[in-house]
Amino acid sequence: MKIHTMIAEDELLAREELIYLLDREKDVKLLPSAESGEQLVALYKEHEPDVIFLDVHMPGMRGVEAAKKIIDIAYVKAPLFVFTTAYDDYAVEAFEIEAIDYMLKPYDTERFQIAMNRIRKRMQQLERKDHQLFHQGINSTTKLLIDDNDRTVVLSPDAIYYAVPYKRMLEIHTEEKVIYSRMTLQELEKKLQGFAFFRAHRSYLVNLNHVQEITPWFNGASNITLRDNKKTTIPVSRSARKQLFDLFGN
């Protein structure tokens, strides 16, 4: 498995040093680098890296501020952050957002390898956790109570094909109808824990039991086609795509 990695560093020499170190790692795929916090946020939305080596001090938006912004907009799960700086005064601030590591400049080769080992270990842990959650089993007798405008309907989780926010409501699509609920996508996802539902995209929750096929799209993203009458197509973000294929055992 390739570790899609991005660098956010405004100093050319420091950026080139990190590129050199990362380029030697066989399981690392380097993505375009950012030179500011604002540029990092934009590039994150486009490429969705697994790991970001992030300078604490950059022009405009600071590194920690950029990290918090990315955590807020992450589609499925936030990337791992390794903070970099010439000073050791910001370690506490970095670890407040659960950064996986903190490296001082100039970079030491052995210290860099420690950071990479931590990254690999954490990614393996996250993969195992995803598998465990998905294979906990499905209780087919459980019913959900869901508000539908001015009434409450009783719904089987398996009847749901997908859910997507629309304006101030949540559209819950079944084969026969669309339910308009006041709950959020996050609230529905929580209700459906233990069932075969997957956050394919920031705005889509999909029942994997109704997936017919997965097709490539662009920039590493994919599309899911459902088995409903309309053959609905659901976007799958690049980071979600890796998890999706893992869940199906590929």
## Note on the structure
When the stretch 27-47 is checked residue by residue, the ones that are small (Gly, Ala, Ser) and under 18 Å from the mean Cα position of the chain (by Cα) are 42
### Task
Please find, within the stretch 141-176, the residue that is nearest to residue 203 (Cα to Cα) out of those that are assigned to a strand (DSSP E or B) and among the charged types (D, E, K, R).
171
### Task
Could you list, in sequence order, all residues of the stretch 1-26 that are over 18 Å from residue 111 (Cα atoms) and touching a residue at least 40 places away in the same chain (Cβ under 8 Å)?
1, 3, 4, 6, 8, 9, 10, 11
### Filter result (within 19 Å of the chain's Cα centre (by Cα) and of a type in the set (Asp, Glu)) within the stretch 167-202
187, 189
### Residue count for the stretch 166-176, restricted to those that are crowded, with 17+ Cβ neighbours inside 10 Å and touching a residue at least 24 places away in the same chain (Cβ under 8 Å)
2
### Task
Please note which strands (runs of 3 or more DSSP E) are completely contained in the stretch 1-114 and include at least 1 residues that are out of contact with any helix residue (DSSP H, G or I) (no Cβ under 8 Å at 6 or more places or on another chain) and closer than 30 Å to residue 203 by Cβ.
28-30
### Message
So in the stretch 182-201, with the set limited to residues that are among the aliphatic types (A, V, I, L, M) and either in a loop (DSSP other than H, G, I, E, B) or free of Cβ contacts under 8 Å to residues at least 12 places away in the same chain (or both), which one is surrounded by the fewest Cβ atoms within 10 Å (Cβ to Cβ)?
### Response
183
### Message
Residue under question is residue 179, and the condition is that it be under 21 Å from residue 47 (Cα atoms), part of a strand (DSSP E or B) and at pLDDT 90 or above; does it hold?
### Response
no
### Message
I need the full set of residues from the stretch 216-241 which are at pLDDT 90 or above, under 17 Å from the mean Cα position of the chain (by Cα) and assigned to a loop (DSSP other than H, G, I, E, B), in order please.
### Response
none
### Message
If I go through the stretch 207-250 residue by residue, how many of them are in contact with a Gly (Cβ under 6 Å, 6 or more places away or on another chain) and either of a type in the set (A, V, I, L, M, F, W, C) or not assigned by TED's automatic domain parsing to the domain that holds residue 163 (or both)?
### Response
0
### Message
Quick check on my filter: what residues within the stretch 140-187 are basic (Lys, Arg) and farther than 20 Å from residue 232 by Cα?
### Response
143, 151, 168, 182
### Query
Mind checking which residues of the stretch 202-215 are in contact (Cβ under 8 Å) with a residue 40 or more places away in the chain and either assigned to a loop (DSSP other than H, G, I, E, B) or buried (at least 18 other Cβ atoms within 10 Å of the Cβ) (or both)?
202, 204, 205, 206, 207, 210
### Query
How many residues are closer than 12 Å to residue 44 by Cα and crowded, with 18+ Cβ neighbours inside 10 Å when one looks only at the stretch 59-79?
6
### Task
State yes or no: is residue 125 farther than 21 Å from residue 40 by Cα and at pLDDT 95 or above?
no
### Task
Starting from residues that are of a type in the set (A, V, I, L, M, F, W, C) and at pLDDT 90 or above, keep the ones in the stretch 75-99 and report whichever is nearest to residue 235 (Cα to Cα).
80
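The values are calculated or read from the model by the stated rules, or taken from the named source; none is laboratory data. These numbers come from a predicted model, not from an experiment. Using ideal geometry, Cβ is built from the backbone for each residue, glycine included, and neighbour counts are taken over all protein chains shown.
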